[in-house]
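For reference, the structure discussed in these notes is given below.
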Amino acid sequence: EKIAVLVSGGGTNLQALIDAQNSGIIHSGEITLVISNNQNAYALTRAENAGIKALYISKKELKTQEAFETAMIEALEENGIDLIVLAGFMSILSERFTARYDHRILNIHPSLIPSFCGTGYYGLRVHEAALEKGVKVTGATVHFVNEIPDGGEIIAQKAVEVKDGDTPELLQRRVMEQAEWIILPESVEKVSASLIQ
Ligand code: GRF
């Protein structure tokens, strides 16, 4: 299976996928393309360092969401992509896009869905909300992507303890290290293997 990873930022989840591919955890698919909607995303550097084709597709230049998604679809088709992974990808995808890749787009969300998810809950905001609520346990979720933000079927979850005195940054780091970077590679391998059958 050919896998594309869509990114917008630092790319630590992409790095976890690359490392999992190198260690053999991911062996039923191959990451062959990285697409970023942010020209300065360090994730693009990570892809280049790993020898993976990396594209920047600019929503600014393409003006509309429609044109942006069409450009991404063209790149995905040209590269024969079977499975798409959203890894810190900060852009909503339309129903046109998600329906085209039904049950072939995975997303990592840094909370235990259905808590702290949906529009408005992304990045650090998710952890700020968890701390404001005073939850003792949070975590991460991998789910299929459909037209509802964070709405598709859940594939995997992993819980992480909230510690006294946690700041949003400390909590985000723990959720990434102890949950995101573990369940995303595992889920990518599981779905890739199931697509082959
Ligand atoms: C992570 O917290 C991830 O859960 C969220 O975006 C943040 C940065 O991800 N989706 P990455 O380092 O760019 O993979």
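Okay, here's what the table says:
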{"quantity": "Residue that is more than 16 Å from the chain's Cα centre (by Cα) and away from the ligand (no atom under 16 Å from the Cβ), where the choices are GLY120, GLY134", "calculated": "GLY134"}
{"quantity": "Options PRO149, PRO110; residue that is over 30 Å from LYS63 (Cβ atoms) and either open to solvent by 20 Å² or more (accessible area, probe 1.4 Å) or out of contact with any Lys or Arg (no Cβ under 9 Å at 6 or more places or on another chain) (or both)", "calculated": "PRO110"}
{"quantity": "Selection count, region 43-57, where residues are in a helix (DSSP H, G or I) and among the small types (Gly, Ala, Ser)", "calculated": "2"}
{"quantity": "Residue match in region 116-123 (condition: among the small types (Gly, Ala, Ser) and open to solvent by 50 Å² or more (accessible area, probe 1.4 Å))", "calculated": "no"}
{"quantity": "Residue that is least open to solvent (accessible area, probe 1.4 Å) [pool: residues in region 40-76 that are more than 16 Å from the ligand (Cβ to nearest atom) and of a type in the set (D, E, K, R)]", "calculated": "GLU69"}
{"quantity": "Residue in region 185-195 that is of a type outside the set (Val, Ile, Thr), more than 19 Å from ILE3 (Cβ to Cβ) and open to solvent by 40 Å² or more (accessible area, probe 1.4 Å) present", "calculated": "no"}
{"quantity": "Residue match in region 172-182 (condition: more than 13 Å from the ligand (Cβ to nearest atom) and touching a residue at least 12 places away in the same chain (Cβ under 8 Å))", "calculated": "no"}
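The values are calculated or read from the model by the stated rules, or taken from the named source; none is laboratory data. Because the structure is predicted, anything quoted here is derived from the model rather than measured. Every residue, glycine as well, gets a Cβ built from its backbone with ideal geometry; the counts of neighbours run over all protein chains shown. Protein only, heavy atoms only, side chains kept; ligands, DNA and RNA dropped before computing areas. Shrake-Rupley method; radii C 1.70, N 1.55, O 1.52, S 1.80 Å.
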